[in-house]
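Novice: For reference, the structure I am asking about is given below.
The values are calculated or read from the model by the stated rules, or taken from the named source; none is laboratory data. As the structure is a computational prediction, the values presented were derived from the model and not from experiment. As a convention, Cβ positions derive from the backbone with ideal geometry for all residues, glycine included, and neighbour counts pool all protein chains shown. To get the accessible areas, we keep the full protein, side chains included, count just its heavy atoms, and leave off ligands, DNA and RNA. Shrake-Rupley method; radii C 1.70, N 1.55, O 1.52, S 1.80 Å.
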Amino acid sequence: MQLEPEPTVTPITQRAANRLHRRDQHSVRLEAVRKDRCEASFRQLYDYYAPRVASFLRQKGVEDRISHEIMQETMTRVWLKASQFDARKASASTWVFTIARNLFVDYVRRRKRAEVDFNDPMLVRDDVAGPDVRLDATERDDALKAAIGKLPPEQSEVLRLIYLHGMKQQAVAERLSIPLNTVKSRLRLALEKLRRLMEHA
Amino acid sequence: MAQYHPSEDLLAGYASGAVDEQTEALIAAHLTFCPACRRMVTEHEAIAGALLERESAPSASVAGVAAILNASPSRAPSTFNEPPLGTLSKIAPQPLARYVYEKTGEADTEGLNWTFYGPGIKRAILVGDEKGALVRLIKAEPGAVFPDHGHGSDELTLVLTGAYRDQTGRYATGDVQCAPAELSHQPIVEDDGVCFAFVVSEKPANPKNITAKIVQRLIGR
Ligand SMILES: [Zn+2]
């Protein structure tokens, strides 16, 4: 059995320089929409995300006509609300996902999704990770994407069913015809790997 | 800072938009109190976002993007109304106060339909009925002792104000007790304040042995 080589430590200045190049292209385009209302960048974002969002919604059982409508509204918000995009908090994909998810929930419930109100007087502030010390989210999410790509297919399939289809663990077990405990262990193994990676990104 | 948190499963379900509306309201209220769980949800959202990129997808329509870029910038106002701020928002975080308002039309705790649940304890059923309260607010006076009860199914309790204890621990503002169906307990409210709690269950909590106990007391056993 061969041992993995120790990861080499990159000098901090080098890392800062790499950071700019490693940023994912979708977040860069979304930045261009945010700052300059760049239509060309938005077209590229639309080409990339519109079909993925529609596919995400269809998997949740939304009929075609309505999933198209929610997708179109999602992309409209990406265009109109790009000023709210903050690359320190989320990458483009995560941001688009949350918009689509919220519209989906609003649609099925006919009520607004319950979310934290950051102006709530009861809000307990996060004193651990202020924006200054937090890792750039796009950097973290790049590492995350790479890590998901390396997971064994049976683990990424479980992730997909849980996070995109929104299935409960029991439903995943039935869908894949495997015991519930197998679902749990695949999920746990996958999340452990991804967590380690997010912490060290 | 909250000591008891929703399970990872529930937080992932919340992030993916898959939990029911009452659980969503409970989790959003817990998140208001709990920065640690907010970070967890952010991680789950990042995982979902990364998975979204991996979806295979046909090409996008040209008409769709043109429709957005050519639309006039004025937008229709949101169809969701913000609830008026009443005394409910003094005890409950916004997402929960809004949920209660939507279910009852009440923005004040005093206006809710409180019914007797035990000495010093009242409850307002938001979803369900006397036989099967699925979602309810509980208001318990300092020192109140709950009837010993089992749970027909898993039950989530979010403490809003005050604190109570049972054999599993002490639950204070922001804490979520996940009571499994098999738990039988008798929570005792602490002396220093009124305890408001929001409870979500799939089936009714069946007050176990209440009659049996009364009988026992009457016959002095
Ligand atoms: Zn928490």
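Novice: Report whether or not B:Tyr171 is crowded, with 17+ Cβ neighbours inside 10 Å and either of a type in the set (Val, Ile, Thr) or not in a helix (DSSP H, G or I) (or both).
Specialist: Numbers: crowded, with 17+ Cβ neighbours inside 10 Å: yes; either of a type in the set (Val, Ile, Thr) or not in a helix (DSSP H, G or I) (or both): yes.
Considered against the rule, which asks whether it is crowded, with 17+ Cβ neighbours inside 10 Å and either of a type in the set (Val, Ile, Thr) or not in a helix (DSSP H, G or I) (or both), B:Tyr171 comes out as yes.
Novice: If I ask for residues that are assigned to a helix (DSSP H, G or I) and more than 8 Å from every other protein chain (Cβ to nearest Cβ), which ones from the range B:19-28 would you list? Walk me through how you get there before you give the answer.
Specialist: The initial filter retains those residues of the range B:19-28 that are assigned to a helix (DSSP H, G or I), namely B:21-28.
Across the range B:19-28, the qualifying residues are B:Gln22, B:Thr23, B:Leu26.
Novice: Answer yes or no as to whether B:Leu31 is at the interface with chain A (Cβ under 7 Å from one of its Cβ atoms), part of a helix (DSSP H, G or I) and open to solvent by less than 10 Å² (accessible area, probe 1.4 Å).
Specialist: Numbers: at the interface with chain A (Cβ under 7 Å from one of its Cβ atoms): yes; part of a helix (DSSP H, G or I): yes; open to solvent by less than 10 Å² (accessible area, probe 1.4 Å): yes.
Yes: the conditions hold for B:Leu31.
Novice: Which numbered condition trips up B:Glu45, out of (1) facing chain A (nearest Cβ under 8 Å); (2) at pLDDT 90 or above; (3) away from the ligand (no atom under 16 Å from the Cβ); (4) open to solvent by 10 Å² or more (accessible area, probe 1.4 Å)?
Specialist: (3)
Novice: Inside the range A:84-99, can you point out the residues that are part of a helix (DSSP H, G or I) and either in contact with an Asp or Glu (Cβ under 9 Å, 6 or more places away or on another chain) or within 8 Å of another protein chain (Cβ to nearest Cβ) (or both)? First the steps, then the outcome.
Specialist: In the first step, residues of the range A:84-99 are kept if they are part of a helix (DSSP H, G or I); the result is A:84, A:92-99.
Within the range A:84-99, A:Ala92, A:Ser93, A:Thr94, A:Trp95, A:Val96, A:Phe97, A:Thr98, A:Ile99 qualify.
Novice: Ok, one more. What residue, among those in the range B:125-143 that are assigned to a loop (DSSP other than H, G, I, E, B) and under 16 Å from B:Val200 (Cβ atoms), is least open to solvent (accessible area, probe 1.4 Å)?
Specialist: Quick first cut of the range B:125-143, residues assigned to a loop (DSSP other than H, G, I, E, B) only: B:129-132, B:141-143.
The next check asks that each one be under 16 Å from B:Val200 (Cβ atoms); those that pass are B:129, B:132.
Details: B:Asp129: 87, B:Gly132: 17 Å².
If we take residues in the range B:125-143 being assigned to a loop (DSSP other than H, G, I, E, B) and under 16 Å from B:Val200 (Cβ atoms), then B:Gly132 is least open to solvent (accessible area, probe 1.4 Å).
Novice: Output the residues belonging to the range B:144-167 that are acidic (Asp, Glu) and open to solvent by 30 Å² or more (accessible area, probe 1.4 Å). Full working, then the answer.
Specialist: Within the range B:144-167, the first condition is being acidic (Asp, Glu), and the residues that meet it are B:148, B:154-155, B:166.
Of everything in the range B:144-167, those that are acidic (Asp, Glu) and open to solvent by 30 Å² or more (accessible area, probe 1.4 Å) turn out to be B:Asp148, B:Asp154.
Novice: In addition: Just one of (1) away from the ligand (no atom under 13 Å from the Cβ); (2) in contact with a helix residue (DSSP H, G or I) (Cβ under 8 Å, 6 or more places away or on another chain) trips up B:Cys37, so point out which.
Specialist: (1)
Novice: Confirm whether B:Ser7 is among the polar types (S, T, N, Q) and in contact with a helix residue (DSSP H, G or I) (Cβ under 6 Å, 6 or more places away or on another chain). Quick ask: steps written out before the conclusion?
Specialist: Details: among the polar types (S, T, N, Q): yes; in contact with a helix residue (DSSP H, G or I) (Cβ under 6 Å, 6 or more places away or on another chain): no.
Against the criterion (among the polar types (S, T, N, Q) and in contact with a helix residue (DSSP H, G or I) (Cβ under 6 Å, 6 or more places away or on another chain)), B:Ser7 does not qualify.
Novice: Please find, within the range B:19-31, the residue that is nearest to the ligand (Cβ to nearest atom) out of those that are touching a residue at least 60 places away in the same chain (Cβ under 8 Å) and farther than 14 Å from B:Pro93 by Cβ.
Specialist: B:Thr23
Novice: Within the range A:176-201, take every residue that is β-branched (Val, Ile, Thr) and assigned to a helix (DSSP H, G or I) and give me the one that is nearest to B:Glu43 (Cα to Cα). Show your work before the answer.
Specialist: Initially, the range A:176-201 is screened for residues β-branched (Val, Ile, Thr), giving A:178, A:182-183.
Still in the list and also assigned to a helix (DSSP H, G or I): A:182-183.
Working: A:Thr182: 23, A:Val183: 20 Å.
Across the range A:176-201, the extreme among qualifying residues is A:Val183.
Novice: While we're looking at this one, here's another question. Just for the range B:3-18: of the residues that are crowded, with 22+ Cβ neighbours inside 10 Å and within 15 Å of the ligand (Cβ to nearest atom), which one is farthest from the other protein chains (Cβ to nearest Cβ)?
Specialist: B:Pro6
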